[in-house]
Structures are given as structure tokens and as C-alpha cells.
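Undergrad: My structure is below; once you've seen it, I'll send some questions.
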4 protein chains.
Amino acid sequence: LDYNEILWEVAQTVEPQRGSGKVANYIPALAEVDPMNFGMAVVTRAGDRFTTGRADRPFSLQSVTKVISLTMALESIGESFWKRSGREPSGDPFNSLVQLEHENGIPRNPLINAGALISTDVLVSRYGRDGAVEAILQFAQELADGEPVRIDPRVAASERETGFRNAAVANFMRSFGNLHNPPDDVLHVYFHQCALEMSCQGLARAMLYLANGGVDPITGRRIVSERRARRINAIMLTCGHYDASGDFAFHVGLPGKSGVGGGIVAIAPGQLSVAVWSPGLSPQGNSLVGTMALEKFASLTGLSVF
Amino acid sequence: LDYNEILWEVAQTVEPQRGSGKVANYIPALAEVDPMNFGMAVVTRAGDRFTTGRADRPFSLQSVTKVISLTMALESIGESFWKRSGREPSGDPFNSLVQLEHENGIPRNPLINAGALISTDVLVSRYGRDGAVEAILQFAQELADGEPVRIDPRVAASERETGFRNAAVANFMRSFGNLHNPPDDVLHVYFHQCALEMSCQGLARAMLYLANGGVDPITGRRIVSERRARRINAIMLTCGHYDASGDFAFHVGLPGKSGVGGGIVAIAPGQLSVAVWSPGLSPQGNSLVGTMALEKFASLTGLSVF
Amino acid sequence: LDYNEILWEVAQTVEPQRGSGKVANYIPALAEVDPMNFGMAVVTRAGDRFTTGRADRPFSLQSVTKVISLTMALESIGESFWKRSGREPSGDPFNSLVQLEHENGIPRNPLINAGALISTDVLVSRYGRDGAVEAILQFAQELADGEPVRIDPRVAASERETGFRNAAVANFMRSFGNLHNPPDDVLHVYFHQCALEMSCQGLARAMLYLANGGVDPITGRRIVSERRARRINAIMLTCGHYDASGDFAFHVGLPGKSGVGGGIVAIAPGQLSVAVWSPGLSPQGNSLVGTMALEKFASLTGLSVF
Amino acid sequence: LDYNEILWEVAQTVEPQRGSGKVANYIPALAEVDPMNFGMAVVTRAGDRFTTGRADRPFSLQSVTKVISLTMALESIGESFWKRSGREPSGDPFNSLVQLEHENGIPRNPLINAGALISTDVLVSRYGRDGAVEAILQFAQELADGEPVRIDPRVAASERETGFRNAAVANFMRSFGNLHNPPDDVLHVYFHQCALEMSCQGLARAMLYLANGGVDPITGRRIVSERRARRINAIMLTCGHYDASGDFAFHVGLPGKSGVGGGIVAIAPGQLSVAVWSPGLSPQGNSLVGTMALEKFASLTGLSVF
């Protein structure tokens, strides 16, 4: 497969749609991003890299970071994590409290906000409030292997100012005893985690371990066990796009995780990781053009797991 | 009607049940209360007072205060209050978030926690954070007409420490734009309001205006218009006991409001107000023996509105 | 009180709104009714009758009959009825299945469709399928004391043809074991019951026993015990208007029951019963002008129970 | 890979658990099945077959047939099918009505009961009531390529007698206009479809087209397009095990569909199809030992798509 050509064709295909969708506007730093941005990067298991568009422009990872904190939380407390979070698709929007109430404060899965707050809480228990922010940043930097990674303090501050829904979720889980630290501490870390920034290149590079059975194929470093890598992929496939997860599986057929910054990372197990960025969102909060691009990519490469 | 004899018979009837139910244990100050306590007081429109048991012992009013803050909120912003709260029974427990999510942050009625937080928010907008606490205390004291009224700071502090569910509700409504002040400020006032203490005598005296078309029959002071008094009574009847409101109407047949401190106040429009206190609660959070006492009282007096 | 004058003033007040609201259109027999119809009738405990508008024109009672079948079911099996139905406001539309699923097939109250199907099922168990239709008709005729009462077979047939939601509810409750007879039999009786027709005069006359402690004040016949009459009134007040029950209590302040045929009956305990008919409905399925008329009536007479 | 050895090891692994779980008992024909039964069959794309246990014993396919009727419905009306059903995991039990009410009668996906009734309805529209039963049987027989396939009329009759929940679902969707035929006709076909019987051998053989891009690799016959085959697999992975779909993806990592008869079929795209049968069920209604067997199988073969 000639990935340069494939990415070129993908870019051509989505070009007429570029700019469509609705840019997240709940915080200024996201609202100001030009919707015409589009970038995409592939990193293969062999370490080859291919890009198109603004693949080196950093963007706000937002919920894409839920895969990073899940990985860290699983490494911290192992399978006992699953006593505090399910791993079923939620069938609900990303920030619903209904399911939490019906199921005693146990979130459906770690890729919705409630579940990601559990991951964060695990990290606060381990590293403390400020230590957890530092640990997440450092882990992301290690994964990115030299690609730039930073936390935008302005974004973190904005998240905090508008994050009443997340504060509701955190307090609600705390009321069920499923948050072990003060909600404000967990939210502090969570908002900083959401404010992580990478480019498509960095993101695809960082997630490569999930395409290679848990081992970073370039550094040779084992990040997670093979079994855990497969399981994280499974959760991304069933839960990675909120209440459009089934649709993403249907159209793209790859494990993936989206964020309201317009980024999506997807994994072709055994082959490659691919990241795309386009800020306009679907009503479910997933990158509209990014999803199209990945659908075209999966179709051209035949990399769907199905 | 000889109310002394009636109260005596009521007390006799509930005596075998005294102490039953489960005392609220989420905060120490409530958990320590002796479940054997029982008191009851009637104040008629003519100003006559009748009591039985520990009718002069102050207890934590808790949700009974929702009627007080509703009255104040309605006087502050009038009927526009109903843009921010419904007046339908919720069919849900007192602290459910499900309905809030389905109805965009508009609580079903002002006598569940969410709705009472709206009342409180209105008062914070008007009086400021500390001013609102002061205003509520002062209004309660005026209504009580010399009967002791105080806020127990230990209770308020405990409510705050354990009030994660209320914090969730406040943040959730704020996320929908239906809270105008910072959740922490509104919660501060709300927790102090819940910590109001009166005796049965004081409570029955304070609520007498609702039995007299909005005018305090003893002082002659108009508290609310006749129409508003009727409407507050209507809301108490349909919504005053959470998801046991229908049952209270069925068994007692009077507008009433309960609190987890074990108090209930009920209104016989045109006749009297009656307050009862017994700390043991039903699974729905209403005083078990207090409800029995009011059922017997309504049966002996024929005062049911139906 | 001069009820002739009061009814005249009520009619004047609603005149500009006459015809507003949306006539039920799910079956032809209802859809064809002229929305400009308006009638109202009062029958006092003393037997005096007052009317305005088309108070002698029969209309389809629809859900108003739920009070009749509840009365019959309670007389059949007594308080054990409450093992099969709650008596709490539902907080949901009249035909919701959500609550049934969450509460194992036990309807919230007997005045929503699900609960009324329980009443009907009780009658099928007692009288058989055809016998139950006959028994309901006969009981309604006795209550109406000579005023015309009939079942419109065309309406019953139409209900059946379009009654998929009710069929869903009946089958659903049967799946929980809370329906004892074949769903088709229960639905047959239910659809015939809904097709009962009376005029405002007949309806107000028929329900008079609820305004007089369970005894028909004109014939002297005891229909239900005083206690049961009060309780039926309590249920009407808290549950009689679906998810607008709180609003009806707030604005009118009388126990009442509405039907999609545009009729409402209301009870002023100890005083009178009043029926109104105007086919245009509110979004919640209650007569729009009928509710206005009752609000004005309650305001002019001061008969609100609050 | 030596599949004989692998199946032998799988059988050894689950042997201590054989008989665990709870056999479906809502109809006699299922309740009578010996819980100690266990069978498993693999058919590879090359046409090689491997079995262990009672792989040739026919069992009731039940919900496994939802994949067959979905395939037929998609071939009948193409992508317009997705106007009448979603393709998102439901997050609810297989027979919930809650989601249907909140989403206007559109089922979440075609592998829960509600969605499968839509598939059936499509076939009734095309073939008529009796023709649809015949068409489903014939299609299943073609897929099974000589392996025995029959409909057990006793099971179909039992399903009908106890199928009140399904009748509720069908009537409910009809009330939203999302069922085009009389509920009784659709239910007739649905209950016969559920009563289809095959052995593990037959089932694995029949589903082989999904492991080979839509073409039966043995007969060379194209059943569905490659794209549709992938998409059906995607839906099986995200939705094939009700509210344990995420767990199946997590543990097994293969598209699969279970039935309350204790059967599960799973697809390793590009490789093979595998069927397992063990009647004891998990609380979610999926074969307990069957799921364990598939987890072991996936682990030994490394065939997880992740």
C-alpha cells in the first residue's frame, strides 16, 4: 500500500466538505480554531510516517486523552479498575447523568466523561493532585517520543470555568462513594488532561503501542501487556465515539477515540495508527470531516477489522 | 373539636410505633437524635395552641424550609419563578438527576432539592451569599413570632461535607444556565437554610399564614396574597412528600411538607396548621410516626380537604 | 352563591378562547367533533342543577371513565387493589411505558392508562369480558340517575383499530404478571369503557357521590364508604390530569379528571360536582377551555380545597 | 494452527464449568434441555471443519437468527433499513421498551428484539405472513448447505403463548408507525424464526459468508456485498450480546451473536466461523460456558480482531 497516495486521495475526497460541522464553542480557545483546518498522519508499525495537510499543527486533544489516562489507570491498579467502571457502550451522550443514577455511580465505560474521571481519580490517589498532572504530561511525552506535547493552561482554565456538567458528574459519583478524592482535585487534573495538545503526527506516534500488542515498536518499550492492548482497542471500538460508536464501527471498522477538539485517533491492530484533525463536529461531538476521512482511509486500505 | 383530647388520642395511637423508622444518618447531628422523640403542636386560626409530647424541643427543619424559601422566592420575583421551576409532582426521589437531564435543568417543582436550590439561587441574587442566609433566618423568625429559631452551624457544616449529591444537582442546573450564581454560593445558603431549627410549636405557628389565606391571623400581617397561599398549599399537597406525595394525600388529605429531620408541617386551609416531629423515617425519607399521627389527626378531626 | 350568574360569568370569560386547543384526532369520531362546543353543568349536594352552553349534548367521556372503573374495582377487591397499582403521580404522559419497565409492571396510579387497565382487568376477572362492559354501562347509568348514558360502538371500534399503545401497555403488564386476563379481553372492555357517552349534566350528576362522602345525596344510596370517597378525590387531585396534575391543582384547586373527548369533571367536597366540556386539548391532553372555565369557576366560588 | 487440538483444549478448559448458568425456562421446550450439553464447531474459509462435543445436535437458535433476518431485510430494502433502526449499542437489556419510548419507536439496533421485529416486518411486507416464514427457512437452509435446518412448531407455539413482552414491543412500534404490518402477523413470523434449529456444525457453516467478505467460500455464491458483510460484522461486535456486548468484545474480540437457546456464533473475518452451544445462561442471557469457550478459543488462536 502506498500510504502517500492513499492520504492524498483521502484529502481529495474530503476537500469539498472541509470546514463543515460545528466547532466546539463552549470555551474560547476551542471556538477560535479555524474550521478549515485538516490534517492527517499515519505511523506504521515499521516506523514509517505519512502525512497530509496540517499534520504538524498542535490541537487540543480533549477526550482523546481518555485513552492515555485509562492506560495509566489500568497500569496503576490493574483489573480492579473494572470494579469502578463498566466497559459497556453507554447508549447515551458523553456527559449523561441518567445512567449513573440508575447504576449507583458506576460509569458505563472509561471513555465517557464519568469513566474518565474515575481514571483521573485513580491517578490522583497515586500521584496527588499536582503530581497527577505532571505524570500524565510525562507519560504522554514518552509515548510521543520527541513530538511536542504540552498542556495549554488557558484551555485548562477555561474548562474549569465552564465545566459545571463535569463538576456535577464528579460530585455525583463522589456521593455514591465512587470517587476517592475531593471532586475539585479530580476536576483540576481532568481539566488539565483535557488541555493536552499534540499534532496528528504526535498523536499517531504516541498511540502506536496499541497497534503493536502493547509494545512501542520503535523504542521497543513495553507500555502494556498484549492482552491489555487488545482490550483497550476493544473498548475504543465499542465505546470510543459516545452514542455514535456503533456508527463509527459500521462505517470505519477500526478502534478509535475522538475529542471535541476535532481530533480522532484510530488503530489498525498489527498495522498502524492513524490520527486525523478537523475541528467541525457532528451533533454527537465527533469530528465530521475526520470521520469521513477515516472511512475513506479504511475503505482504500481495507484495514477494517471486520 | 377538643384539640387537647384529639392530640391525646393521636399520641396514644402512635405510642406503640414510637421509635420506628430509620433516623437520617448521613450527618452526625441528625444521626445522634433519639428516635423515641415525638412531639406535635396545633395552632388554630384563632390563635389557640395545643400540644402533645416534646412540642417545644427544637429539631432540624431540613426540607420543611423549602416552603419558607419558596415563599420568599415567589415574593422576590413573582410568577416568573415558574420559568425556572415546574410545579408538577416529580415521581422521583427527592434528589434525582434523571428528570433534570431530560428536562434541560428545569426542576419539576420547588419542593424537591433541585427546585429548592432555584429558590435559594433567587435569594442569593437578591441578597447576596451571606445576606441570603440572614434574610431567611430573619423571615423565619418573623413568621415564628417569638418562638425560638436558629441555624445550627454544626449541621450546616456537616451538610456541606456530605452534600455531594446536592453539589451535583447545583452544578448540573448551572450547566443548563438555570442557576444564576456560583454553585458554591448557592450551596452555602442552601445548607444553612436546611440547618434551621424550630420546635413543633414554632413551626406550626410560623406556617399559620398558609391556613389563613396568606395573612398571619395573629399579627394581622399579610405574608402572601390569598391566591399565592392557596397555590403554595396546592404544591405542598401534590409535591410535599417526594415520591410519597400521593400517598400522603391519600392517607392524610392535607397539604404538608416533610423534612429528613423527622418534622412535618400540614395545613388545614381556613382552620389551622399542625406540626409533628418524630425522627424515624420511611424509605422515602418522610417521618414514619409523624405521618401516622397526621393520618389519625385528619381522621379524628375530619379536616381532610377531600 | 348564585351559580347561574357564576356560570354565566365563566362562559363570558372563556368565550374569546372558545375553539382553541387541538381536538383529538386519532379516531374519526373524536376528530369530527366541532371544537366550538362548550358546555358546563353544576349539581349541588342539595340536588340543584345549573348549566351553561351545550350541557345536555353527550360527548365521549374517554379517560373520565377511569374514575368509574376505579370505583368499581375498589368495590370489587378492596384495598388489595393497591398491590397492583400505586397511587402516586406519575410525572409522565398518560401512556408512558418507561415507568412500567422500571417498576416491574406496576402502574403509578389508576388514572393513567396502565392503571386503568388494571381496574378493567379486575372487572373482567369478576364479570367476564362481555359482562364487564355490561356492568360498567349499568353502573354508569345508575350513577347518572336517568340522564342518558350509552356506549358508542363506533368509538369503541375505532379505539381498537388505533389502540396499539394501549395494546403495548396491556401486553407489557401481562408480561410482568400484573394482568390476569388475556390482553385482548381487557382491551375490549377498556375500549368500550372509553366509549361511554354522557352530557355535562349527566356527568356532574353521576359523580355527585364524590362530593357527598360516598353517598348519592339525591337517591340516598351509598356508593362507596366516606373514606374511599375522600381517597378517590385525593387521587383525582394528585393524578387526574396526567403530567399536568400539579398545574390543575395549582390553578383550579379541586379534584378532577379529564378525558381526551374534552370533558373534565371536578369535585368540591361537601359542596357540588361540576362538569365541563370543550373539545380542544392542551399539549398534555386536557381540555384547554375546560380547564380555564374551571379555574374561573373556582376563583369566583372560592371552592378551591386550598 | 491445529484446530482439532485447539478445540480439544477449549473443551478441557470449560469442562469444570460445564452445566453452569441458568437454562432459559420461559418456555418448556427450552427449559427441558440438559444444561450439561456442550458442542462447538469451526468451519474455515477453506472449508475445513472441526468439532468437539455435541456439535451435531440441533438446538434452538433463538436470537442468533436475528443475523439471518437482518441479512435478508438488508437485501430486501437496502440502506433504507437504517431509517427504521439504528445501529448503536443499546446499553439496555434485550427487551427494553424505555429506549423505544425516548426515541419514537426507532430501535437502537437490529440485534435486540425490537430491531429484529423490524427486520421481520420488512420480510412480512415482502413475502406475506406465511411466505416470510417459508423464505426465512429456505434462506437458512441454503446457507447451511445441506446441514439440517428446521423450525420447531412446538417452540414457535410456546413463544407465542408467553411472548407478551414481544407483543408489547411490536404494538408499541406500531403505535409510532414503525411497524407496517399487523403486530400479530409480525409476531407470528418472529416466533417461527426464533424457533429455527440447527447444530453447531450447521450454524458455523451457515454463517461462513460473513468470514469471507459476503461470499460463501464453498459454493462461491455471493450472499451480500463485501461492504455489507463487514457492516453486519461490525453490528455483531458492538450489539450482538445485548448489554454484555462490550464485555464480549473485551474478552473474546470477535463479532458474534448469542441466543437464549445457549448458542453463539462468532466470526473471525477472513478466517473462519465458529459456533458453540451450551444452554446455561449468564444474567444477561448469553451462554455462560459458550462465552468462556470462545474466549479461550480466541486466546489460543490469536484471532481477536484487536
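The values are calculated or read from the model by the stated rules, or taken from the named source; none is laboratory data. Remember, predicted model here, so these are calculated numbers, not experimental data. All Cβ positions, even for glycine, are placed from backbone atoms using ideal geometry, and neighbour counts span all protein chains on display.
Undergrad: Just need a number here: residues in region D:163-178 that are out of contact with any Leu (no Cβ under 7 Å at 6 or more places or on another chain) and more than 7 Å from every other protein chain (Cβ to nearest Cβ).
TA: Number of matching residues: 3.
Undergrad: Can you pull out every residue in region A:92-106 that is in contact with a helix residue (DSSP H, G or I) (Cβ under 9 Å, 6 or more places away or on another chain) and within 14 Å of chain B (Cβ to nearest Cβ)?
TA: Scanning region A:92-106 gives A:D92, A:P93, A:F94, A:N95, A:S96, A:L97, A:V98, A:Q99, A:L100, A:E101, A:H102, A:G105.
Undergrad: Of the residues A:E103, A:E134, A:E147, only one is of a type outside the set (A, V, I, L, M, F, W, C), closer than 14 Å to A:H192 by Cα and out of contact with any Pro (no Cβ under 6 Å at 6 or more places or on another chain); which?
TA: On the way: A:E103 fails: closer than 14 Å to A:H192 by Cα; A:E147 fails: closer than 14 Å to A:H192 by Cα.
Selected residue: A:E134, the only one of A:E103, A:E134, A:E147 that is of a type outside the set (A, V, I, L, M, F, W, C), closer than 14 Å to A:H192 by Cα and out of contact with any Pro (no Cβ under 6 Å at 6 or more places or on another chain).
Undergrad: Still on this model: Taking region A:186-198 on its own, how many of its residues are out of contact with any Leu (no Cβ under 9 Å at 6 or more places or on another chain) and closer than 14 Å to B:A167 by Cβ?
TA: Qualifying residue count, region A:186-198: 0.
Undergrad: State whether the residues of region B:250-259 include one that is of a type in the set (S, T, N, Q) and under 23 Å from B:R49 (Cβ atoms).
TA: Going through region B:250-259, the residues of a type in the set (S, T, N, Q) turn out to be B:258.
Now restrict to residues that are under 23 Å from B:R49 (Cβ atoms): B:258.
Within region B:250-259 (the criterion being of a type in the set (S, T, N, Q) and under 23 Å from B:R49 (Cβ atoms)), the answer is yes, since at least one residue qualifies.
Undergrad: Go over the candidates B:A156, B:A144, B:A132 one by one and state the one that is at pLDDT 95 or above, within 15 Å of the chain's Cα centre (by Cα) and crowded, with 19+ Cβ neighbours inside 10 Å.
TA: Within the list B:A156, B:A144, B:A132, the selection yields B:A144.
Undergrad: What are the residues in region A:66-80 that are within 21 Å of A:L196 (Cβ to Cβ) and either hydrophobic (A, V, I, L, M, F, W, C) or within 13 Å of chain D (Cβ to nearest Cβ) (or both), if any?
TA: A:V67, A:I68, A:L70, A:M72, A:A73, A:L74
Undergrad: Could you say whether any residue in region B:111-133 is touching a strand residue (DSSP E or B) at 6+ places or on another chain (Cβ under 6 Å) and either farther than 30 Å from C:G86 by Cα or more than 14 Å from chain C (Cβ to nearest Cβ) (or both)?
TA: no
Undergrad: What number of residues within region D:31-64 are of a type outside the set (A, V, I, L, M, F, W, C) and not in a strand (DSSP E or B)?
TA: Within region D:31-64, residues that are of a type outside the set (A, V, I, L, M, F, W, C) and not in a strand (DSSP E or B) number 13.
Undergrad: Given the criterion touching a residue at least 40 places away in the same chain (Cβ under 8 Å), within 26 Å of C:P16 (Cβ to Cβ) and within 17 Å of the chain's Cα centre (by Cα), identify the matching residue among C:G285, C:G256, C:G240.
TA: C:G285
Undergrad: Does D:T238 satisfy the criteria of being farther than 21 Å from D:Q193 by Cα, more than 13 Å from chain A (Cβ to nearest Cβ) and of a type in the set (S, T, N, Q)?
TA: Answer is no for this residue.
Undergrad: Among B:A55, B:A11, which is more than 21 Å from the chain's Cα centre (by Cα) and at pLDDT 95 or above? Quick ask: steps written out before the conclusion?
TA: Numbers: B:A55 fails: more than 21 Å from the chain's Cα centre (by Cα).
Unique residue meeting the criteria: B:A11.
Each row is one residue, and each column tells you yes or no for (1) more than 13 Å from chain A (Cβ to nearest Cβ); (2) surrounded by 24 or more Cβ atoms within 10 Å (Cβ to Cβ).
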site	(1), (2)
D:I267	no, yes
D:L294	yes, yes
D:F297	yes, yes
D:G302	no, no
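Undergrad: Only one of A:S273, A:S245 is over 19 Å from A:Q193 (Cβ atoms), more than 12 Å from chain D (Cβ to nearest Cβ), among the small types (G, A, S) and surrounded by 24 or more Cβ atoms within 10 Å (Cβ to Cβ); which?
TA: On the way: A:S245 fails: more than 12 Å from chain D (Cβ to nearest Cβ).
Going through A:S273, A:S245 in turn, just one is over 19 Å from A:Q193 (Cβ atoms), more than 12 Å from chain D (Cβ to nearest Cβ), among the small types (G, A, S) and surrounded by 24 or more Cβ atoms within 10 Å (Cβ to Cβ): A:S273.
Undergrad: Could I ask something else about it? Assuming A:L294 fulfils every condition listed in (1) touching a residue at least 60 places away in the same chain (Cβ under 8 Å); (2) touching a strand residue (DSSP E or B) at 6+ places or on another chain (Cβ under 7 Å) apart from one, which condition is it?
TA: (1)
Undergrad: So if I check each of D:P283, D:P217, which one is farther than 25 Å from D:S60 by Cβ and surrounded by fewer than 24 Cβ atoms within 10 Å (Cβ to Cβ)?
TA: Working: D:P283 fails: farther than 25 Å from D:S60 by Cβ.
After applying the criteria, what remains is D:P217.
Undergrad: Going through region B:68-103 one residue at a time, which ones are assigned to a helix (DSSP H, G or I), in contact with a Lys or Arg (Cβ under 9 Å, 6 or more places away or on another chain) and closer than 23 Å to A:N171 by Cα?
TA: Selection gives B:Q99, B:L100.
Undergrad: Starting from region C:43-62, take each residue that is within 14 Å of C:A206 (Cα to Cα) and list its partners that are of a type in the set (D, E, K, R) and surrounded by 20 or more Cβ atoms within 10 Å (Cβ to Cβ), counting only C-beta distances under 6 angstrom and pairs at least six apart or across chains.
TA: If the second residue must be of a type in the set (D, E, K, R) and surrounded by 20 or more Cβ atoms within 10 Å (Cβ to Cβ), the pairs left are C:V43/C:R205; C:P58/C:E197.
Undergrad: Right, next: May I ask you to say which residue of D:A206, D:A156, D:A229 is touching a His at 6+ places or on another chain (Cβ under 7 Å) and more than 13 Å from chain C (Cβ to nearest Cβ)?
TA: Criteria check complete, one pass: D:A156.
Undergrad: For region B:9-42, which residues satisfy the criterion of being among the hydrophobic types (A, V, I, L, M, F, W, C) and free of Cβ contacts under 8 Å to residues at least 24 places away in the same chain? Reasoning before the result, please.
TA: Restricting attention to region B:9-42, the residues satisfying the condition of being among the hydrophobic types (A, V, I, L, M, F, W, C) are B:10-11, B:14, B:23-24, B:27, B:29-31, B:33, B:36, B:38, B:40-42.
Once the filter is applied, which keeps residues that are among the hydrophobic types (A, V, I, L, M, F, W, C) and free of Cβ contacts under 8 Å to residues at least 24 places away in the same chain, region B:9-42 yields B:A31, B:M36.
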